[in-house]
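The structure appears right after this line, and notes come after that.
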Amino acid sequence: MSDATRPVSESSENAVLVREIMRPGVLTCRPSATAAEVARLMGNAHVHCVAVLASDDEEGRPPHIRGVVTDLDLLAAVPEPDRYPDAHRLARRPAVVLHPTMTVEQAATLMRAYHADHAVVVDAPGRVPAGIVSAHDIAQCIARGDRRPPVRPARDQAHRRRVMLRDRASRNP
């Protein structure tokens, strides 16, 4: 495991951890979702990315992250809709995957290496998506310089939870 991907303990010299800056909850879609469906998900939730999840064929294994579609990726579908008919083709692959115990510095190094402006945070045991970290979240951390996690308005978190629940309900009738 490289230094950039090695999770660290909480006591690492007052380093800010990914779990402190991540936005909890992840909007997801199937690889077959159209660009319009992905755009609707983003617009309804006021977010800039959606994780593309695919189920494993083996029973009992959780879905895995195939990639991430960002609002910038959707721009590619505007002039060439036939070239990007679904989320699988739109998605940036591989998705950058972070662990909650990684430092922000490690996250930034990985995101920079893959030219990613969004990364999915997964819980270690099941690799289930737990949150998103964006380049903007890291920029806020740098700007504060005081190592405090960002303050998220409760109304934004509640709105995202409602949209995610509505999204899940619509996929599981």
Being assigned to a loop (DSSP other than H, G, I, E, B), more than 14 Å from Ala91 (Cα to Cα) and of a type outside the set (Val, Ile, Thr) is the filter here, so list the residues in the stretch 19-58 that pass it.
Met22, Gly25, His46, Ser55, Asp56, Asp57, Glu58
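I'd like to know if the stretch 66-77 contains one or more residues that are within 17 Å of Val128 (Cα to Cα), touching a Pro at 6+ places or on another chain (Cβ under 9 Å) and modelled with pLDDT of 80 or more.
Step one: filter the stretch 66-77 for residues within 17 Å of Val128 (Cα to Cα), giving 66-68.
From the residues that got through so far, the ones that are touching a Pro at 6+ places or on another chain (Cβ under 9 Å) too are 66-67.
Retained after the next criterion (residues that are modelled with pLDDT of 80 or more): 66-67.
The answer is yes; a qualifying residue exists.
Taking only the stretch 89-133 into account, find how many residues are outside any strand (DSSP E or B), of a type in the set (D, E, K, R) and in contact with a strand residue (DSSP E or B) (Cβ under 9 Å, 6 or more places away or on another chain).
Adding up the residues that qualify gives 4.
Which members of the stretch 88-104 meet the condition of being more than 14 Å from the chain's Cα centre (by Cα) and modelled with pLDDT of 90 or more?
Going residue by residue through the stretch 88-104, those that are more than 14 Å from the chain's Cα centre (by Cα) are 88-90, 101-104.
The answer is Thr101, Met102, Thr103, Val104.
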The stretch 81-99 residues that are touching a residue at least 40 places away in the same chain (Cβ under 8 Å), paired with ones that are crowded, with 20+ Cβ neighbours inside 10 Å and in a loop (DSSP other than H, G, I, E, B) (beta carbon under 6 Å, 6 or more apart)
Ala87/Ala33; Leu90/Tyr84
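Taking the conditions exactly as written (surrounded by fewer than 18 Cβ atoms within 10 Å (Cβ to Cβ) and either at pLDDT below 85 or among the aromatic types (Phe, Trp, Tyr) (or both)), does Glu59 satisfy them or not?
Details: surrounded by fewer than 18 Cβ atoms within 10 Å (Cβ to Cβ): yes; either at pLDDT below 85 or among the aromatic types (Phe, Trp, Tyr) (or both): yes.
Yes.
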Checking Ala45, Ala4, Ala33 in turn, the sole residue that is hydrophobic (A, V, I, L, M, F, W, C), modelled with pLDDT of 90 or more and over 15 Å from the mean Cα position of the chain (by Cα) turns out to be Ala33
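The values are calculated or read from the model by the stated rules, or taken from the named source; none is laboratory data. Note that the coordinates shown come from a computational prediction; the quantities given were computed from them, not determined experimentally. Note that each Cβ is placed from the backbone with ideal geometry, even for glycine, and that neighbours are counted across all protein chains shown.
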